[in-house]
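Since the structure comes first, as structure tokens, the remarks are kept for the end.
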Amino acid sequence: MHANDIHAVHPSAIVDAGAVLGPRTRVWHFAHVCGGARIGADCSLGQNVFVGNDVVIGNGVKIQNNVSVYDAVTLEDEVFCGPSMVFTNVYNPRAGIVRKDQYRRTVVKRGASIGANATIVCGVTIGRFAFIGAGAVVKRDVADFALMAGVPARQLGWISRFGERLALPLSGVGEATCPHTGDVYELRDGTCTLRPAAHRS
């Protein structure tokens, strides 16, 4: 095995037997990865991160300090989780009632970003390249490329893969170009899509 294919685990971190860490993934100070976790390549798990057993994390994911990724959460490739953001997995928890059979699955799709101190209430899907602002509380599904903020979170607009706000209305029909990449985005029937490269002028 080439040296560049080896994952790195800080001596203070705990990785339980059975956990899968992809090549070049780094696990930093005081993190804990449970034995059932599946983590892809080129990921970074910051200080004091917890990853549960029933968790799947794709490639190139960055999880900042003090984030707990509990059971029933899936993070697709290149997801960003900001410092101290929160996932949940039970909708109505009680200390005296066991509800492990009632976990609601949460999926964060490719390229999405979740800002610092945001809360993701369980059972939602966050769309591709969506952007959740710092401190937001997400209680429902989020569309691809949607820009969300507030408590509860509401959509403010649309955002490009590069992370720039797009000049598109919230609804209706529109077209916008990312000034950094030249990517063209189309809005139709409340859905924002990236125009395929072959169809860009």
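The values are calculated or read from the model by the stated rules, or taken from the named source; none is laboratory data. Predicted model, so just to flag it, every value in this text is computed and none were measured. Cβ atoms come from the backbone with ideal geometry, glycine included; neighbour counts cover every protein chain shown. Surface areas here come from the heavy atoms of the whole protein model, side chains and all, with no ligands, DNA or RNA. Shrake-Rupley method; radii C 1.70, N 1.55, O 1.52, S 1.80 Å.
For the range 123-199, what is the accessible area per residue in Å² when the probe is 1.4 Å? Please report the intermediate quantities before stating the final value.
Numbers: 4030 Å² over 77 residues.
In whole numbers, the range 123-199 has 52 Å² accessible per residue.
A Förster distance of 25 Å, applied to the separation of the beta-carbon atoms of D189 and R140, puts the FRET efficiency at 0.85.
Around the amide H of D54, modelled in the peptide plane, lie the amide H atoms of D71, A72, all under 5 Å away and 5 or more residues distant in sequence or on another chain. For S68, the residues whose modelled amide H falls within less than 5 Å of its own, excluding neighbours fewer than 5 places apart on the same chain, are F50, F87. Accessible surface area normalised per residue over the range 1-78 is 48 Å², counting heavy atoms of protein chains with a 1.4 Å rolling probe. Distance between the C-alpha centres of the range 148-201 and the range 72-96: 26 Å, rounded to the whole angstrom.
Classify the range 21-163: rounded, prolate or oblate, from the alpha-carbon gyration tensor (a ≥ b ≥ c, eigenvalue square roots; a/c under 1.5 rounded; otherwise prolate if a/b is larger than b/c)? Oblate. Solvent-accessible area assigned to carbon and sulfur over the range 37-124 amounts to 44 percent, based on a 1.4 Å probe.
Shape class for the range 80-149, computed from the alpha carbon gyration tensor (a ≥ b ≥ c): prolate, with a/c not under 1.5 and a/b above b/c.
The string of couplings for the range 117-129 from the Karplus curve (6.51, -1.76, 1.60, θ = phi - 60°) is 6, 6, 10, 10, 6, 4, x, 10, 10, 9, x, 4, 6 Hz, one whole number per residue in order, with x for Gly and Pro.
Take the alpha carbon gyration tensor of the range 136-201, find the square roots of its eigenvalues, order them as a ≥ b ≥ c, and report rounded if a/c is under 1.5; if not, report prolate when a/b exceeds b/c, else oblate. Here the range 136-201 falls in the prolate category.
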